Amino acid sequence: MSLILPGSTIGVLGGGQLGRMFAMAARRLGYRVHTLAPDHDTPTGQIADLEINASYDDMDAVRAFAQAVDVVTFEFENVSAEAIVEAERHAIVRPNGRSLAVAQHRLKEKSFLAEHGLPVVPFAPVRTDADLAAAMSAVGCPSVLKTATSGYDGKGQVRIEKPEDLEAAWTRLGRREAVLEAFLDLDREISVIGARGVDGEWSHFGPIENAHARHILDVSVAPANVSEAIAAQAVDVTHRVMDALDFVGILCIEFFIARDGRLVVNELAPRPHNSGHLTFDACRTSQFEQQLRAVCGLPLGSPEMLQPAAAMANLLGDIWEGGEPNWAAALSLPDVKLHLYGKSSPRPGRKMGHLTVLALSPTEARARVLAALELLLSKHDPRAQP
Ligand code: ADP
Ligand code: MG
C-alpha cells in the first residue's frame, strides 16, 4: 500500500537536524517517528517517539527498525547499500536505493548526469596510479580532488594548483577512489530543492542563493539573484534528475554558476538540504513537510513564499567561543526566527542552529539576518561590555 496516513510510523535513518525538523513536521501531522543513528540524545531523537542507537552497519538493528515502521526515509545519505537493501526487505524505502547510490558516490553521480546530457563540471576518475596522469590531462589545473564517497562541508577535498601536486593530494586523501574535477571560477552558487510524489507529482522551491565560508554553508537567500533563463534551466535539470531516478521525496541540487554564465551541477543531496531551512518559516509548506507528504504518498503542499524574500544564517559552534551567544539580543528583533538543534557541545564548524528572516527583497532579507547575527555576537564586542 503506498498511501501512508497520519497515525502511521515513519522511520528516519540518521539523527541530525534535518531529521529533527522532519520529525517536527511529521509530529505536527500526527505521525509517529522512529530514528536510527549511532549516537545518543540526537537532534532527531529528542523529537522522535523512539531513538534507536545503532551503527548503520548493524543489520539486525536495521531489520528491527524497518520492521517497526511503515516507511523508511533518510536525513543522512551515507548509509551502506547493504543497509538499504535490508531495510527494503522489510519496509517501503523512499527515496529508492538507486537514488541513494547515485547521490552518495561522486563518480556515479557525475556519470549519471553526463549520460543524461545534463551539465556537469569536467571530471575524471582516480582509482589507480595510472589514472593520475590521465585525469590530469583530461581536467587540467586548477582542479579539485574529492573522495568519491562520504565528503561533506568541504571535507575529503584538496585543491590542485599544479599537475605535480596531484599525487601528494591523492595520498592525503588516503589513496581512496576519488574524482578530479575542474575548479571553476564561480559567479555564484545556487540550489534547487525539488519534491516528487509517488505518482510523479512534482514541485520545487525555486533557486536559493548560497554563500559559503570555509566550505560550509553560511548564508542562504531566496529567491536567488539569477536570470529567468538560469532559474528555469536549474529547475528543469532538477525535474529531469528526479524523473530519471523515479525519485520519491526531497532532492536538492547544488549548482555552480561560472563567471562565463554557464550553469553546472555540483552535487545532489537526496534529502532536505541546509539551504532549504528557510522554507520552514518562509513557505506555506516546508521542505520537511514536503518530504513527509511525498514519502507518505500524499498530495504535495504549496511551496509558495509568505513574503517576497527570506534569508537564513547558519549558527556554527564557533560563535560560542567567547561564551553563550546573546540570544535575547537577537530575539529583540521580533520577526527573527531562531532555531537550535539541541546539540550540547558547540565545536567549531559544527552546525548548532540557524536564524531566519523574511523581508520584501533578497537584499533586505540578507541584511536583516546578518544584523540579527551581529546582535547574537554582541556580547563579544568589548564596547558592549560595561
Ligand atoms: P560538500 O560535499 O563538502 O558540500 P562540495 O563538492 O559541494 O562538497 O564542495 C563544497 C564547496 O567547495 C562548494 O559549495 C564550492 O563553494 C567549493 N567547490 C567545490 N568544488 C568546486 C569546483 N569544482 N569549482 C569551484 N568551487 C568548488
Ligand atoms: Mg556541497
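The values are calculated or read from the model by the stated rules, or taken from the named source; none is laboratory data. Values in this document were obtained by computation on a predicted structure and should not be read as measured data. With ideal geometry, Cβ positions are generated from the backbone for all residues, glycine too; neighbour counts draw on all protein chains shown. All accessible areas refer to the heavy atoms of the entire protein, side chains included, with ligands and DNA or RNA removed. Shrake-Rupley method; radii C 1.70, N 1.55, O 1.52, S 1.80 Å.
Among the conditions (1) assigned to a loop (DSSP other than H, G, I, E, B); (2) among the small types (Gly, Ala, Ser); (3) within 16 Å of ligand 2 (Cβ to nearest atom), SER191 misses just one, which is (1). When the stretch 53-81 is limited to residues that are among the aliphatic types (A, V, I, L, M), under 25 Å from ALA195 (Cα atoms) and not in a loop (DSSP other than H, G, I, E, B), the one that is most open to solvent (accessible area, probe 1.4 Å) turns out to be ALA81. Only one of the numbered conditions (1) open to solvent by less than 30 Å² (accessible area, probe 1.4 Å); (2) in contact with a Gly (Cβ under 9 Å, 6 or more places away or on another chain); (3) within 15 Å of ligand 1 (Cβ to nearest atom); (4) farther than 17 Å from PHE112 by Cβ is violated by ASN210, and that is (2).
Pairs linking a residue in the stretch 1-24 that is at pLDDT 95 or above to a residue that is open to solvent by 20 Å² or more (accessible area, probe 1.4 Å) and β-branched (Val, Ile, Thr), with Cβ atoms under 8 Å and 6 or more positions apart or on different chains, are ILE4/ILE92; ARG20/ILE47; ALA23/ILE47; MET24/ILE47.
Among the candidates LEU375, LEU340, LEU316, the residue that is modelled with pLDDT of 95 or more, open to solvent by 60 Å² or more (accessible area, probe 1.4 Å) and closer than 30 Å to PRO223 by Cβ is uniquely LEU340.
Taken together, the residues in the stretch 29-52 that are within 20 Å of the chain's Cα centre (by Cα) and assigned to a strand (DSSP E or B) amount to 3. Checking each residue in the stretch 19-52 for being open to solvent by less than 20 Å² (accessible area, probe 1.4 Å) and under 15 Å from HIS339 (Cβ atoms) picks out GLY19, MET21, PHE22, ALA23, ALA25, PRO43, THR44. The set of residues in the stretch 159-176 being within 20 Å of ILE216 (Cβ to Cβ) and within 11 Å of ligand 1 (Cβ to nearest atom) consists of ARG159 alone.
For GLU161, state whether it is open to solvent by 10 Å² or more (accessible area, probe 1.4 Å) and either within 24 Å of the chain's Cα centre (by Cα) or within 16 Å of ligand 2 (Cβ to nearest atom) (or both).
Values: open to solvent by 10 Å² or more (accessible area, probe 1.4 Å): yes; either within 24 Å of the chain's Cα centre (by Cα) or within 16 Å of ligand 2 (Cβ to nearest atom) (or both): no.
No; evaluated as a whole, the condition is false for this residue.
For the stretch 177-190, filtered to residues that are open to solvent by 20 Å² or more (accessible area, probe 1.4 Å) and within 15 Å of ligand 1 (Cβ to nearest atom), the residue that is nearest to the chain's Cα centre (by Cα) is GLU189. Taking the criterion of being small (Gly, Ala, Ser) and in contact with a His (Cβ under 8 Å, 6 or more places away or on another chain), the only residue of the stretch 332-379 that qualifies is GLY353. Checked across the stretch 231-254, the condition of being among the acidic types (Asp, Glu), more than 19 Å from the chain's Cα centre (by Cα) and more than 27 Å from ASN96 (Cβ to Cβ) holds for no residue.
Residues of the stretch 234-274 being in a helix (DSSP H, G or I) and either in contact (Cβ under 8 Å) with a residue 40 or more places away in the chain or touching a helix residue (DSSP H, G or I) at 6+ places or on another chain (Cβ under 7 Å) (or both), which ones?
Step one: filter the stretch 234-274 for residues in a helix (DSSP H, G or I), giving 234-244, 274.
Answer for the stretch 234-274, where residues must be in a helix (DSSP H, G or I) and either in contact (Cβ under 8 Å) with a residue 40 or more places away in the chain or touching a helix residue (DSSP H, G or I) at 6+ places or on another chain (Cβ under 7 Å) (or both): ALA234, VAL235, VAL237, THR238, HIS239, ARG240, VAL241, MET242, ASP243, ALA244, ASN274.
Being open to solvent by 20 Å² or more (accessible area, probe 1.4 Å), within 19 Å of the chain's Cα centre (by Cα) and over 21 Å from ARG159 (Cβ atoms), is that true of even one residue in the stretch 119-130? For the stretch 119-130, residues open to solvent by 20 Å² or more (accessible area, probe 1.4 Å), within 19 Å of the chain's Cα centre (by Cα) and over 21 Å from ARG159 (Cβ atoms): absent. Applying the criterion of being within 24 Å of ASP185 (Cβ to Cβ) and open to solvent by 30 Å² or more (accessible area, probe 1.4 Å) to the residues of the stretch 237-279, the residue that is farthest from ligand 1 (Cβ to nearest atom) is GLY261.
Would you say SER361 is modelled with pLDDT of 95 or more, open to solvent by less than 50 Å² (accessible area, probe 1.4 Å), more than 23 Å from the chain's Cα centre (by Cα) and of a type in the set (Ser, Thr, Tyr)? Please lay out each step first, then the result.
Values: modelled with pLDDT of 95 or more: yes; open to solvent by less than 50 Å² (accessible area, probe 1.4 Å): yes; more than 23 Å from the chain's Cα centre (by Cα): yes; of a type in the set (Ser, Thr, Tyr): yes.
Criteria met by SER361.
Give the residue, chosen from TRP202, TRP170, that is away from ligand 2 (no atom under 16 Å from the Cβ) and surrounded by fewer than 18 Cβ atoms within 10 Å (Cβ to Cβ). Walk me through how you get there before you give the answer.
Working: TRP170 fails: surrounded by fewer than 18 Cβ atoms within 10 Å (Cβ to Cβ).
Residue meeting the stated conditions: TRP202.
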